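**Student:** One structure is given below, represented as structure tokens, and several questions about it will come after.
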Amino acid sequence: DVGQPAAPSVDVGRPTSDLGRIKKGRISIRRTKHLWYLILVLAFMLVAAVNYRSNAAWLLVFVLVSATGLTALHARRNLAGVTARPLDVSPVFAGEPIRVGLVLGTEHAVEAHAVSVDLPSLGGSIELVTMVPALGSASASVELPARVRGPWSCAQVRLRTDFPFGLIEARRLQDIELSGIVYPAPAGEPLDALSVITEGSGAVGDKAGGDDFNGHRRYQPGESQRHVDWKAHARGRSLLVKDFIGSGGGLVWCDWQRTAGGVEERLSQLARWIIEAHRSGLSYGLTLPNGVIEPAAGEFHYHRCLRMLASYGFDGATR
């Protein structure tokens, strides 16, 4: 696993949603487990009120029953004006969790409290938003479990709340346009296994790095140890790798024909070469059975190549 560079700053096809076109479903009311405990307690209180002919006990039972019924109205009202829209979804590598950012807003001039949000079709974990201000918004995020390579999408988000007492839960499904992509997990031989052609000389070099030192980064298991800063490690620091930016430039072809194994193994190998070439400041091209991307460099080219790998084998997927 060679990890991944800093979070991308380019647009890689990440969607947004317009609040004016949001389609909200009906609000449903459900009982929570706490309500069953309260019903059991009220049953004992009712038996005691009958046995002891206590008017105070009767009054307390009826007050609690009335308050429980009102919680359903409050829960429904609390969720009525809440809507959700997605933020940018950054691509990740296979095996890593996906973090989906959401913005919760309310259309009413009343605050919304204790709203939970999740993505039911993808199994996303729930995050609780303590308070959504009146006519304002609050941020939330949902963490999806690790997924395999390829594009993914979600058509609905589920909002729910058990405010104010946790006895009755109101929930509603809302249509949403949300999609993302999972890059192949990098694996295989390091970039040193490829020949890097140095521009201007036509010679074949033996290194993938450039000439300008760009600081340190943490060593990832499986990386070549050629650029490890052993002096820093001898001083008690963790394993660090010297990062370089290519000043003279270089060219490398990440070619499907130079990989071995099954489809996923080949894609993982190409992903590793692309990541290392991008970090080293090289110009690199990508060759797959279904297309070619000419050599270039930069963030846009980096994500274009990885998107092509991630979409390989998916009918109708765009590169």
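**Student:** Ranked from the most accessible area to the least, with a 1.4 Å probe and all protein chains present, what is the order of Met308, Met131? Please list the in-between numbers first.
**Tutor:** Working: Met308 0, Met131 75 Å².
Putting Met308, Met131 in descending order of accessible area: Met131, Met308.
**Student:** Whole number in Å², please: accessible area per residue of segment 72-142, 1.4 Å probe, ligands, DNA and RNA not counted.
**Tutor:** Numbers: 2950 Å² over 71 residues.
Value for segment 72-142: 42 Å² per residue.
**Student:** Short version: ³J(HN,Hα) in whole Hz for each residue of segment 164-170, in order, from phi by Karplus 6.51 cos²θ - 1.76 cosθ + 1.60 (θ = phi - 60°), x for Gly and Pro, what are they?
**Tutor:** Values, residue by residue: x, 10, x, 8, 10, 10, 9 Hz.
**Student:** Taking θ = phi - 60°, what integer Hz values does the Karplus form 6.51 cos²θ - 1.76 cosθ + 1.60 yield along segment 115-124, in sequence order, with x for Gly and Pro?
**Tutor:** 9, 9, 9, 8, 10, x, 6, 10, x, x
**Student:** For Ser179, tell me the accessible area in Å² from a 1.4 Å probe, rounded to the nearest 10.
**Tutor:** About 40 Å², ignoring ligands and nucleic acids.
**Student:** With every protein chain kept in the model, how would you rank Arg279, Arg172 by accessible area, 1.4 Å probe, largest at the top?
**Tutor:** I get Arg279, Arg172, largest accessible area first.
**Student:** Something else about it: What accessible surface, in Å², does a 1.4 Å probe find on Arg258, ignoring ligands, DNA and RNA and rounding to the nearest 10?
**Tutor:** Surface accessible to solvent at Arg258 totals approximately 130 Å².
**Student:** Of Tyr37, Tyr302, which has the most accessible area with a 1.4 Å probe, and how do the rest follow in descending order? Intermediate values should be presented prior to the final figure.
**Tutor:** Numbers: Tyr37 140, Tyr302 5 Å².
Of Tyr37, Tyr302, the descending order of accessible area is Tyr37, Tyr302.
**Student:** Could you give each residue of segment 94-110 its phi-based ³J(HN,Hα) in whole Hz, using Karplus coefficients 6.51, -1.76, 1.60 with θ = phi - 60°, and x for Gly or Pro?
**Tutor:** 3, x, 9, x, 9, 9, 9, x, 10, 10, 9, x, 10, 8, 9, 7, 9
**Student:** Same structure, new question: Amide H of Leu135 versus every other amide H placed in the peptide plane: which residues, excluding those fewer than 5 positions away on the same chain, fall under 5 Å?
**Tutor:** Long-range HN contacts for Leu135: Thr106, His108, Val110.
The values are calculated or read from the model by the stated rules, or taken from the named source; none is laboratory data. The shown structure was predicted, so the numbers you read here are calculated from the model rather than taken from an experiment. Note: areas computed on protein heavy atoms with side chains; ligands, DNA, RNA excluded. Shrake-Rupley method; radii C 1.70, N 1.55, O 1.52, S 1.80 Å.
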